[in-house]
Amino acid sequence: MTDFLDKLAQKIIAKGSDSLVNLTIVLPNRRARIFLIEAIRKQIPGTVFSPRITSIEDFIQEVALVRTIDNIELLFAFYEIYLSVTDKEEQQDFELFANWAKVLLQDFNEIDRYLLDPFQVLNYLKAIEDIKHWSLDLEKRTPLIENYLKFWNKLPEYYTALTDYLSSKGVGYQGFIYREAVKNLEHFTTSKPDQHYIFAGFNALNAAEEVIIQHLLSLAMAEVYWDIDSVFLKDEEHDAGLFIRRFKNNWKYYNSHPFEWIMDDFGREKTIKVIGTPKTIGQAKIAGKILEEHIAANPEQKLDKTAVVLGEENLLVPLLYGLPSTVGALNITMGYSARNNPAQILVAKLFKLHVNAKSRHETNYVFYYKDVLDILTHPLIEPYANARETVNLINRNNYSFITQARLLERSGETSDLFRLLFTKWDQGPLQALLQISDILLIIKTRLGNDNQQEKIAKAFLYSVFKVINKLISYFSKDSVTDSIETLQAIYKQVIDLAEVSFEGEPLEGLQIMGVLESRVLDFDTVIVTSMNEGNFPAGKSSNSFIPYDVKREFGLPTFKEKDAIYTYHFYHLLQRAKTVYLLYNTESEGLDAGERSRFITQLEVEKQPKHHLSFEIRNAEVPLIAYEPIEIPKSPLVMDRLKEIADKGFSPSSLTSYIRNPADFYFKRILRISEIDEVEETIALNTLGTIIHATLENLYRPLIGKFLLEQDIDNCFKSLDAEVMKQFKEVYKEGDIKKGRNLLAFEVAKRNVANFLRLERDDIRNGDAISIIALEHTYERWLEHSKLPYPVLIKGNVDRVEMRNGKIRIVDYKTGKVEAREVKLKDWDGLITEVKTDKIIQVLAYAFMISDEDFIQGRDIEAGIISFKNLKNGFLPFEFQGEDKVAVSIVNEQIFSDYTEQLASLLSEILDPETAFVERINR
């Protein structure tokens, strides 16, 4: 089986080396040129001058003597023309204009490519709209309808003004260039009488291309070589041969010349595997798995004859992550929307940062912390802008908002890139664009060129850089707006017109491409993704002002012709392939869902005798166990660290942490990994608890050692507001507490402390004798037990110790809600294994630590909790209810004995070298 380009190379070489100088080969795209040169090189033993090889678009430009205008340039040029021919009161801003102008330019392009009379088509559209509204009396027509009809009346004027402008500049969009090429065809052919042209590998041709090729054929200046299989050509109903059948039947040239070439490759032996898998990501994973299996089965075979054809461009990034490590060289050749481009996302975030900052304060920029972190943690910024230090600064100081001056002053040694990111956009759109351009250039210099990822990042960066530069060029000549917000809207419109073009070394490695990039090329192994209706073929969606029936009337392509183009491309991929994998999404719901492509059904119904067609459903590999709990054995180093903790002191909270999850205990206590600082935009519950604890400590500290009086509590009320505010500023740092949820949290903290003070005052009025012994004081006591390998220090911070009516009371504050049942115990079994007993373990640990202090002197001890969300129940003491059903709230010797037995069992487990730290899930 000979590849099409190899066969074409043989034909070219057969003409002799002397004729190659005046020979031009025209191919459907630029990419095929390199493959054709390689095919010619392989078949020529010596050195000769290569024939000229070009794409159809470049050839048409050469005929027309007109340069292609960039889509963004075209849109801006059209806007200037629109403003010049539209009354001032009817003019729209660029953002609204661009929404319909992109569609209209596309329609102008189609009209010109098919050599239609533009005024006839546009007036036809105007007449249709008139007919739709003819029944309305002139007096009943609303301003909206009048303006709508004016728009349709203006279309011929827009077209004339635009084409006059392009003619004067010597540039044009594709359709304009095609029309000019047809006009200039006679001059072109007479000026190059010795030139000979070969058109090869085409399928669908527009009217202008047909006229140009047929004219050259009639002058014997050209040859045409099609790539069509007999199966598609002979079947009158098969869309893969739709266009080429028309040319064969309708071109006069074929009345006296042979039709070349009709192939017979599709019916040969092939293995076609149709694989369904859930979701788009599933297809990327399956494609990677297929490649891994293919490489394993053919270790000596290169991948240059293997292609992955993506039916959806957004599958590219997941596919790159899903490729096996055994894939060496890689060549990506496809267009990729700039919308999902990482560099574009960075620029969009920059716009958001500065527009939001400017809207808050015109003169003093105030950045929202999330906008800043979005920029600094972007993968194109973080490695190059001293970002980590600034992120830590924001988190450490709890900045919800940060001024530009403070950000630059306090972020340490800043790089040029950092300063550019946060320099004010206060001198208009041009300055902002120049700043973005500089940022992109700095990032480009930091990126290397060593691996595929960096090359892809540069391609992304370059596509956005081109858009920004075009905007700079436009705003340098004519500033449409002084508003950054409007510039942001303009950027959003024009970025949609930009595409990332990936180009690699096409002759080596795995080929990843889009559907259109596969034209003319042949591969032995093909993997096609997204074989669902709406992708393959693309479906009936039409972004055009020209209705379907009007397109049929004037001979413009409709979805029927577009489907036929997809059909040809699909079957051409299969034509000479030996092994084909067709992947589709099995999901029937969701954004990326859809039924299986009709092409798959067609392969099944019209199955060729030598085709081995199979169907299967595959799922990406999912482990049988979703998550395996972490198990950390106790190494000698871990045991050394446990001994160190035992000497310094186990806190009650560390013991309850172990009960909840031994893995958390390991990370926090053994490895000493603390939680990362994060900005608290709204006050977290633990922060609120810290503020309440500190407020109560400072209010009561002057009262330690004396019996409380009502007047003491009244004095605390007087200091309450100032003390709460002081604690908020200390704990919440630069966070904003003057509005929103934080203001509510501030009021909640005051109310909680005030409620506690009222409770205390009521107790005093009711005759309670209360004396504060200690506040937020650290106590410790050694535990020695036969179960333990060595004595262990129990050490912790107690919120409040008081003497009340002759008893020692140990109080643990809880800002959350605690019920009395949570500190009641009926059985010691399960104390150290159940998470719900954590509060009992804590308060009894406090009692154990304090029990041998001098101030006890044989007094009874109570230990319990005051819950700020359950203050109506007051102090909630620990109670033990044994078999006799009598509740005991005094922590007596028996309770201490039973508790220390349980505590020793818990510690022996922690200190046992054979007991691993095993993660507990859902505890």
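What pairs can you find where one residue is in region 631-657 and more than 14 Å from E909 (Cβ to Cβ), the other is part of a loop (DSSP other than H, G, I, E, B) and among the charged types (D, E, K, R), and their Cβ atoms are less than 8 Å apart, with a gap of 6+ or different chains?
E631/E919
Any chance region 493-503 includes a residue that's modelled with pLDDT of 85 or more and acidic (D, E)?
no
Which residues, taken from region 22-46, are at pLDDT below 85 and of a type in the set (A, V, I, L, M, F, W, C)?
Selection gives I44 alone.
Condition test on A769, is it surrounded by fewer than 14 Cβ atoms within 10 Å (Cβ to Cβ) and aliphatic (A, V, I, L, M)?
yes
Looking at this structure, is V347 under 22 Å from K492 (Cα atoms), at pLDDT 85 or above and surrounded by fewer than 20 Cβ atoms within 10 Å (Cβ to Cβ)?
Against the criterion (under 22 Å from K492 (Cα atoms), at pLDDT 85 or above and surrounded by fewer than 20 Cβ atoms within 10 Å (Cβ to Cβ)), V347 does not qualify.
For region 227-284, how many residues meet the condition of being within 42 Å of the chain's Cα centre (by Cα), surrounded by fewer than 19 Cβ atoms within 10 Å (Cβ to Cβ) and not in a loop (DSSP other than H, G, I, E, B)?
Result for region 227-284: 4.
With respect to I810, is the statement that it is crowded, with 20+ Cβ neighbours inside 10 Å and free of Cβ contacts under 8 Å to residues at least 40 places away in the same chain true?
Taking the combined requirement at face value, the residue does not satisfy it.
Tally up the residues in region 823-879 that are of a type in the set (F, W, Y), closer than 26 Å to T778 by Cβ and assigned to a loop (DSSP other than H, G, I, E, B), please.
3
Would you mind finding the one in E784, E802 that is crowded, with 18+ Cβ neighbours inside 10 Å and free of Cβ contacts under 8 Å to residues at least 40 places away in the same chain?
E802
What's the number of the condition T24 fails, among (1) among the polar types (S, T, N, Q); (2) surrounded by fewer than 14 Cβ atoms within 10 Å (Cβ to Cβ); (3) more than 25 Å from D304 (Cα to Cα)?
Failing condition for T24: (2).
Enumerate the pairs (first residue in region 748-775 and touching a residue at least 40 places away in the same chain (Cβ under 8 Å) and closer than 17 Å to E802 by Cα; second residue anywhere and of a type in the set (F, W, Y) and in a strand (DSSP E or B)) with beta-carbon separation below 6 Å, excluding pairs fewer than 6 apart on the same chain, so at least 6 apart or on different chains.
Listed pairs, sorted by first residue: A769/F707; S771/F707.
For region 812-849, name all the residues that are touching a Phe, Trp or Tyr at 6+ places or on another chain (Cβ under 9 Å) and of a type in the set (D, E).
Listed by number, the list holds a single entry, D812.
For I228, all conditions in the list (1) more than 29 Å from Y114 (Cβ to Cβ); (2) in the same structural domain as I56 (by TED's automatic domain parsing) hold save one; what is the number of the exception?
(1) is the only condition that I228 fails.
Could we say that F49 is part of a helix (DSSP H, G or I) and either without any contact (Cβ under 8 Å) to a residue 40 or more places away in the chain or in contact with a Phe, Trp or Tyr (Cβ under 7 Å, 6 or more places away or on another chain) (or both) here?
Answer is no for this residue.
Within region 350-365, restricting attention to residues that are buried (at least 17 other Cβ atoms within 10 Å of the Cβ) and at pLDDT 80 or above, which residue is farthest from I286 (Cα to Cα)?
If we take residues in region 350-365 being buried (at least 17 other Cβ atoms within 10 Å of the Cβ) and at pLDDT 80 or above, then A357 is farthest from I286 (Cα to Cα).
Within region 780-802, can one find any residue that is in contact with a Pro (Cβ under 8 Å, 6 or more places away or on another chain), outside the structural domain of F367 (by TED's automatic domain parsing) and β-branched (V, I, T)?
Yes, region 780-802 has at least one match.
Conditions (1) more than 27 Å from E760 (Cβ to Cβ); (2) of a type in the set (D, E, K, R); (3) touching a residue at least 12 places away in the same chain (Cβ under 8 Å), marked per residue:
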position	(1), (2), (3)
E819	no, yes, yes
L825	yes, no, yes
L831	yes, no, yes
D838	no, yes, yes
I861	no, no, yes
K872	no, yes, no
G882	yes, no, yes
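Results for (1) modelled with pLDDT under 90; (2) in the same structural domain as Y399 (by TED's automatic domain parsing); (3) in a helix (DSSP H, G or I), shown as yes or no for each residue.
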{"position": "V622", "(1), (2), (3)": "yes, no, no"}
{"position": "E675", "(1), (2), (3)": "yes, no, no"}
{"position": "A694", "(1), (2), (3)": "yes, no, yes"}
{"position": "D712", "(1), (2), (3)": "no, no, yes"}
{"position": "K718", "(1), (2), (3)": "no, no, yes"}
{"position": "V731", "(1), (2), (3)": "yes, no, yes"}
{"position": "E734", "(1), (2), (3)": "yes, no, no"}
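Suppose the filter is aromatic (F, W, Y), surrounded by 13 or more Cβ atoms within 10 Å (Cβ to Cβ) and at pLDDT 90 or above; does Y124 pass it?
When the stated conditions are applied, Y124 does not pass them.
If you go through region 2-35, how many residues are in contact (Cβ under 8 Å) with a residue 40 or more places away in the chain and either under 39 Å from the mean Cα position of the chain (by Cα) or not in a loop (DSSP other than H, G, I, E, B) (or both)?
Summing the residues that are in contact (Cβ under 8 Å) with a residue 40 or more places away in the chain and either under 39 Å from the mean Cα position of the chain (by Cα) or not in a loop (DSSP other than H, G, I, E, B) (or both) in region 2-35 gives 19.
Being at pLDDT 85 or above and under 20 Å from E110 (Cβ atoms) is the filter here; which residues of region 128-163 pass it?
Residues satisfying the conditions are W152, K154, L155, P156, E157, Y158, Y159, T160, A161, L162, T163.
Being closer than 29 Å to G689 by Cα and surrounded by 12 or more Cβ atoms within 10 Å (Cβ to Cβ), is that true of even one residue in region 892-899?
The answer is yes, given that some residue of region 892-899 is closer than 29 Å to G689 by Cα and surrounded by 12 or more Cβ atoms within 10 Å (Cβ to Cβ).
Restricting attention to region 515-557, which residues are among the β-branched types (V, I, T), closer than 23 Å to G335 by Cα and not in a strand (DSSP E or B)?
V515, V520, T529
Considering only region 558-600, state which residues are part of a loop (DSSP other than H, G, I, E, B) and either of a type in the set (K, R) or touching an Asp or Glu at 6+ places or on another chain (Cβ under 8 Å) (or both).
Of everything in region 558-600, those that are part of a loop (DSSP other than H, G, I, E, B) and either of a type in the set (K, R) or touching an Asp or Glu at 6+ places or on another chain (Cβ under 8 Å) (or both) turn out to be R576, A577, K578, S588, D592, A593, G594, E595, S597.
Keeping to region 84-102, report how many residues are exposed (fewer than 15 other Cβ atoms within 10 Å of the Cβ) and either touching an Asp or Glu at 6+ places or on another chain (Cβ under 8 Å) or over 20 Å from Q488 (Cα atoms) (or both).
6
Kindly indicate the residue of region 472-483 that is at pLDDT below 85 and surrounded by fewer than 19 Cβ atoms within 10 Å (Cβ to Cβ) and also nearest to L440 (Cα to Cα) among those meeting that condition.
Per the criteria, the residue is S476.
Could you grab me the full set of residues in region 205-218 that are touching a helix residue (DSSP H, G or I) at 6+ places or on another chain (Cβ under 6 Å) and either of a type in the set (S, T, N, Q) or surrounded by fewer than 18 Cβ atoms within 10 Å (Cβ to Cβ) (or both)?
Within region 205-218, N206, V211, H215 meet the criteria.
The values are calculated or read from the model by the stated rules, or taken from the named source; none is laboratory data. Note that the coordinates shown come from a computational prediction; the quantities given were computed from them, not determined experimentally. Cβ atoms come from the backbone with ideal geometry, glycine included; neighbour counts cover every protein chain shown.
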